[in-house]
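Rule-based calculations on the coordinates, nothing more; no lab input. From a predicted model like this one, the values you see are computed outputs, not experimental measurements. Reconstructed Cβ throughout: ideal geometry from the backbone, glycine too, with neighbour counts over all protein chains shown.
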Amino acid sequence: MNRPRFPLMVPLLCLLAALPCVASAATDCRAPAAVCEQAGGNALALIERGTPVQVLVDSADFAAVHLAADALRGDLAAVAGGAPADGQPRTAIIAGTLGHSARIDRIVRDKAIDTAGVEGTWEAYLLQVVDTPEPGIDRALVVVGADRRGTAFGLYELSRRIGVSPWTWWADVAPAQRANLHIAPGRFIDAPKVRYRGIFINDEEPALGGWSRATFGGTNHQFYERVFQLILRHKANYLWPAMWLPRAFYDDDPKNAEVADAYGVVIGTSHHEPMMRAHDEWSRHGSGRWDYATNSKVLQEFWRGGMQRLQGREAVVTLGMRGDGDEPMSEQTATALLEKIVADQRAIIGQVTGKPVEQTPQVWALYKEVQDYYDKGMRVPDDVTLLFADDNWGNIRRLPDPADTRPGGYGVYYHFDYVGGPRNYKWINTTQVERAWEQMRLAWAHGVERLWVVNVGDIKPQELPISAFLDQAWDPDAADLEWVKQYPARWAAEQFGAEHAATIGALASDYTRLNARRKPELIDAATWSLVHDREAERVLAEWDALVERTQAMAAKIPTRQRDAWYQLIEYPVLASANLNHLYVAVARNRLYAAQGRASANAWADRARTLFARDAALQRVYEQDIADGKWVHMMSQPRIGYTHWQSPPRNILPALASVDAPEQGVTGVAIEGDANAYPALLRGPRLPELDPVAAPTREVVVFNRGQAPIAFTATSRTPWLKVSPASGEVTDAQALQLQVDWDALPEGRHQGQVSIRGKDWTEVYVAVPVNKPPAHRGVRGFVEGNGVVAIEAEHHSRAIAPPGGQWQVIPNLGRTLSAVTAWPATGGPLVPGGDSARLEYPLVMDADGEVEVRVLVSPTLDIRHRGGLRYALSIGDEEPQLVNVRLDPTPGDRDFTAWEAAVIDNAHIARSRHHVRAGANTVKLWLVDPGLVFQRIEVARDPHPRGTLGPVESARR
């Protein structure tokens, strides 16, 4: 069966967004149902000289088919720049559902169209050019669906192929106009592999809530029409409606359910809303306590009403019960009670529907504490889908044994947005496509094929990960490593065209990777170190480079794409960069005030300016683009968090001020030290210089007063140079200390720099220097300043597991990428011998004990085996097992390790080893599959570390 893929970045000879596209136009236009500008051999014109073909549908077919046909007609007109010709067409698109369209059934019968792989297959469709399909029509593209959504998906697929993005309305993505478009002959069939694929609108205040009220008067059927269109354009079929503060899909607007059914969207309810009842409906229509032990009769009638209201419409019914308000039902795992609740709910389903209960799709969500019930042995009937969940931060908690199957299958509830600890994250996209893909690939490999649903918060600005999640869900087998590597560029091509797609895709990937290091809501003045590894400067330099690339690209974006460009790329980049600059400015203000620098006041002003710029960028998004269409949509507070919950509005962090004297006063600050000098009882001592990691160091002469102050700087050692040697300081002057390494013998040495201010201030800076042995002829990553840092993908040797391979996942690491073993469904391996491993060569200065820090993505113990293990050895020593255990055991609510891991989007696992001077080899052994390795740090103690750690070491 042909499977949809995005095109490669080639000239616009191929406009389809879901089929293979190669550099040769002829080859491409011979692919079945490929859409091309050039006619090619025997292709059918969809648009000819600016006139689109007609779309024909039987009146008796499903409403979902008519709505999809209307959408395609509008899309063809938008691309063509005009409407189809009146009268009887000679060519057409004819669409219909098998068994529900007499026209399609007749064409299939008369033309002997092969419907194998379509008929009887859930949501399958066929695209095929047919000659003389019926009297009066010479040729037609026939769209045949197995069911109503199959037909609709065939039509929405055509919309993507002619260049209309699923985000055409939701992100104002304007399609390029084409005077001519053709579709190649041939037979193309397709069908989804995951049965239910969809989104959960959640945490929707203040952004989406405020926007929907201003735009539609609330989350009514007019709002949901737009949501349904977005879902279906992604060939998805499932929705958990908005339910926060307070909303009730069925109760708020009775037309919501009618419109959902018309479009063919399957409605469910979230993990704590059983029996098709929204949470807020209990406060509206319930009575007594939300407690089954004491109020079961009332709850049963409440739930019965939810089922009766369905009136036979498609739905997936959530079973079980959690506490009132998304809380645990009880402090203990009340298994017997929950089993009775599920049994009673199923009895109600059978009574109301009048059908065997297993014929109604049902789901039991193993979310938060409910997973404890499952881990302790509770089971539900086999026809119920078990919905596993992530930890709300994109790390799946539990998956089934791949060998275990059940009629109801398995699902995963995933998150791009969350309200809860350690802090809310709601404002901007921080989900790396690569991480969501890696986790959902893991789920698919473990047999999760029935239901994929993702919490998307306000929908915007999660456009990129939503598309990737739903596209992967359509065919997880096709979503291989190469697919995810190419996805950002392919997605960019669908929004902005192929010409700059690689550049735009890289911008989207890079801003997401930088945001994923530490979500904006979790950043504060202490996040990026001002004293270790020049971390703050490195982070801001990355953001500045990204802003520069974004602004350069902005100049090439045509006017018709400007609204989409600002929403999808420019605002996320500029606003995220601005926020990082803001917190670094606050950090400098506070540090400099503590040091007594007069410039602390200027940094306070800088912070205020950046705070105002955040609001200005938001105003552009909400007022200046798209004629003010997105009012309120960026109103989620993101600045000024002090605990897990959002502040009521953006709050400028507290700033310090300095009462600077009129005269100049000399002060000195050094790299690696937050103190200022001169200071009582101690003098400044720089971190060690060495020729590999720190060939230079920085000392800053600063002014504590308002008037300029002169200084001199002198080295008392001939091999140590300081520059500049003198000057006048208004604010601050950085001095660079350099060593004449050729003049220095091997070993440790001590230099000194004397700094004198015109105000008679004297500071003597101790300068320790280490020139390690050359270790000539030894190759590897070289120790510097007591540490070796290595990106995981930079191994010198990779021994693959039996039947598998090591794979590099681009962008997934906080500083580069990540490496994992695939497939990840087997049992544990025994480390040692010629077992699977990665090897990294080191060049160490001297013998001694070291700590090896392995940074892994915060993968959880998905098979509940007591943690995920790897082993590590250096040289010929026995491999040492290390257990990465982040998810607490049932009943254990100490989340310290997990919180640290999700805050940093990485976990540091540690082990101690012995190294020898010169050549060493670190061997990272695969034990349990599923771990994702980001980097390795080999450090002598003590070695202070910033948030990101040191830059990668030099490799000899």
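Where Rh is the Kirkwood radius over the Cα pairs of the chain, the temperature 25 °C and the viscosity 0.890 mPa s, what D in µm²/s does Stokes-Einstein return?
The diffusion coefficient I find is 80 µm²/s.
Skipping prolines and chain starts, which residues have an amide H placed within reach, meaning under 5 Å, of the one on Arg869, given they are 5 or more residues away or on another chain?
Residues meeting the criterion, in which the H sits 1.01 Å from N, are Val884, Asp928.
Can you give the angle from 0 to 90° between the axis of helix 600-619 and the longest principal axis of the chain, with both taken from C-alpha atoms, to the nearest 10?
10 degrees
Subtract the Cα-Cα distance of Arg313 and Leu681 from 0.36 nm times their separation in residues, and report this length gain in nm to one decimal. Write out the running numbers ahead of the final one.
Values: separation 368, 0.36 × 368 = 132.48 nm, distance 7.89 nm.
Here the answer is 124.6 nm.
Run the numbers for Asn295 and Ala954: contour at 0.36 nm per residue of separation, minus the present Cα-Cα distance, in nm.
Result for the pair: 230.5 nm of gain on full extension.
Would you mind calculating the relative contact order of the stretch 253-372 from Cα pairs under 8 angstrom and at least 6 residues apart, reporting the percent as a whole number?
Taking the mean separation of contacting Cα pairs over the length of the stretch 253-372, I get 30 percent.
Would you please give the FRET efficiency between Val830 and Thr921, computed as 1/(1 + (r/R0)^6) with r the Cβ-Cβ distance and R0 = 22 Å, to the nearest 0.05?
The calculated FRET efficiency here is 0.65.
When 1/r is averaged over all different Cα pairs and the result inverted, which Kirkwood radius in Å belongs to the stretch 25-190?
Here the Kirkwood hydrodynamic radius works out to 15.6 Å.
Could you give the Stokes-Einstein D for the stretch 196-479 in µm² per second, using the C-alpha Kirkwood radius, 37 °C, 0.692 mPa s?
172 µm²/s
Tell me the label-point distance for the pair Arg284, Gln750, using the 7 Å Cα-to-Cβ offset, in nm and rounded to one decimal.
About 7.7 nm separates the two model spin labels.
How high is the relative contact order of the stretch 25-190, given as a whole-number percent (alpha carbon pairs under 8 Å, six or more residues apart)?
About 36 percent, as a whole number.
Of Met243, Leu546, Ser59, which is farthest towards the positive pole of the chain's charge dipole, taken about the Cα centre with +1 and -1 on the beta-carbons of Lys, Arg and Asp, Glu respectively?
Farthest towards the positive end: Leu546.
So, R0 is 25 Å and r is the distance between the beta-carbons of Thr132 and Ala39; what FRET efficiency does that work out to, to 0.05?
My answer for the efficiency is 0.80.
FRET efficiency for Asp524 and Asp731, Cβ-Cβ distance as r, R0 = 25 Å, nearest 0.05?
For Asp524 and Asp731, the calculated efficiency is 0.50.
What aspartates and glutamates sit close enough to Lys771 to cross-link, taking a C-alpha to C-alpha distance under 15 Å and skipping anything fewer than 8 places away on the same chain?
Reachable aspartates and glutamates: Glu688, Asp690, Asp740, Asp742, Glu746, Glu783, Asp845.
Nearest 10 degrees, 0 to 90: what angle lies between the long axis of helix 335-353 and the longest principal axis of the chain (Cα atoms)?
With both axes taken from Cα atoms, the answer is about 30 degrees.
For the stretch 226-233, just list the computed ³J(HN,Hα) in residue order, Karplus coefficients 6.51, -1.76 and 1.60, θ = phi - 60°, integers in Hz, with x standing in for Gly and Pro.
Using θ = phi - 60°, the values come out as 5, 5, 4, 4, 4, 4, 5, 5 Hz.
Going through the cross-link list Lys368/Lys519; Lys193/Lys923; Lys368/Lys923; Lys255/Lys629; Lys297/Lys355; Lys460/Lys519, which pairs have a Cα-Cα distance over 27 Å in this structure?
Details: Lys368/Lys519 22 Å; Lys193/Lys923 39 Å; Lys368/Lys923 36 Å; Lys255/Lys629 24 Å; Lys297/Lys355 23 Å; Lys460/Lys519 16 Å.
The pairs that break the limit, which is 27 Å between Cα atoms, are Lys193/Lys923; Lys368/Lys923.
Suppose the Debye formula is applied to equal point scatterers at every Cα of the stretch 826-956; what is log10 I(q)/I(0) at q = 0.12 Å⁻¹?
Log10 I(q)/I(0), no solvent term: -0.49.
Which ³J(HN,Hα) values in Hz, rounded to whole numbers, follow from the phi angles of the stretch 768-773 under the Karplus curve 6.51 cos²θ - 1.76 cosθ + 1.60, where θ = phi - 60° and Gly and Pro get x?
3J(HN,Hα) across the stretch 768-773, in whole Hz: x, 9, 10, 10, x, x.
Counting alpha carbon pairs within less than 8 Å and at least 6 residues apart, what relative contact order, in whole percent, applies to the chain?
9 percent
Give me a comma-separated list of calculated 3J(HN,Hα) values for the stretch 935-947, in order, Karplus coefficients 6.51, -1.76, 1.60 applied at θ = phi - 60°, integers in Hz, x for any Gly or Pro.
7, 10, 10, 10, 10, 7, 8, x, 9, x, 9, x, 5
At a 10 angstrom cut-off on C-beta neighbours, averaged per residue, how do the peptides 555-568, 156-169, 254-267 rank from highest to lowest?
For the peptides 555-568, 156-169, 254-267, the packing ranking is 156-169, 254-267, 555-568.
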